[in-house]
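The values are calculated or read from the model by the stated rules, or taken from the named source; none is laboratory data. Bear in mind that the values here come from a model prediction, so they are computed numbers and not experimental data. With ideal geometry, Cβ positions are generated from the backbone for all residues, glycine too; neighbour counts draw on all protein chains shown.
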Amino acid sequence: MTDPEVTTAEAEAPQAAAVLEYLVRQVVDSPDDVTVSSGEGRRSQVQLDVRVGDGDMGRVIGKRGRIAQSIRAVTRAAAVKDETTVDIEFVD
């Protein structure tokens, strides 16, 4: 996790950002192109934005969004350890 974006995300929700990055890297063809950045979300949530390489967004979203929903569920569970709530956005 040497990306500066990941370091920023980890400052607010380190466990959730690490889990999110790991899960997305396992799904895509180009794991080096995965970046996770954070910001202030709605209602005092931490927003984690995921960017992937060209052509990998379809793999992350999956059929009918099932992969994306699963990634969101696991990441939200990891955010409990950070004592926060997260909103995950897959940015194209």
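One residue stands out among those in segment 79-92 that are in contact with a helix residue (DSSP H, G or I) (Cβ under 8 Å, 6 or more places away or on another chain) and surrounded by fewer than 14 Cβ atoms within 10 Å (Cβ to Cβ): the one that is nearest to Ala16 (Cα to Cα), which is Lys81. Filtering segment 29-60 to residues that are on the phi > 0 side of the Ramachandran plot and in a loop (DSSP other than H, G, I, E, B) leaves only Gly55.
Report yes if some residue within segment 62-78 is surrounded by 15 or more Cβ atoms within 10 Å (Cβ to Cβ), touching a residue at least 60 places away in the same chain (Cβ under 8 Å) and in a helix (DSSP H, G or I); otherwise report no. Among the residues of segment 62-78, at least one is surrounded by 15 or more Cβ atoms within 10 Å (Cβ to Cβ), touching a residue at least 60 places away in the same chain (Cβ under 8 Å) and in a helix (DSSP H, G or I), which makes the answer yes. Only one entry of Val6, Val52, Val46 meets the criterion of being surrounded by 15 or more Cβ atoms within 10 Å (Cβ to Cβ) and either modelled with pLDDT of 95 or more or of a type outside the set (Val, Ile, Thr) (or both), and that entry is Val52.
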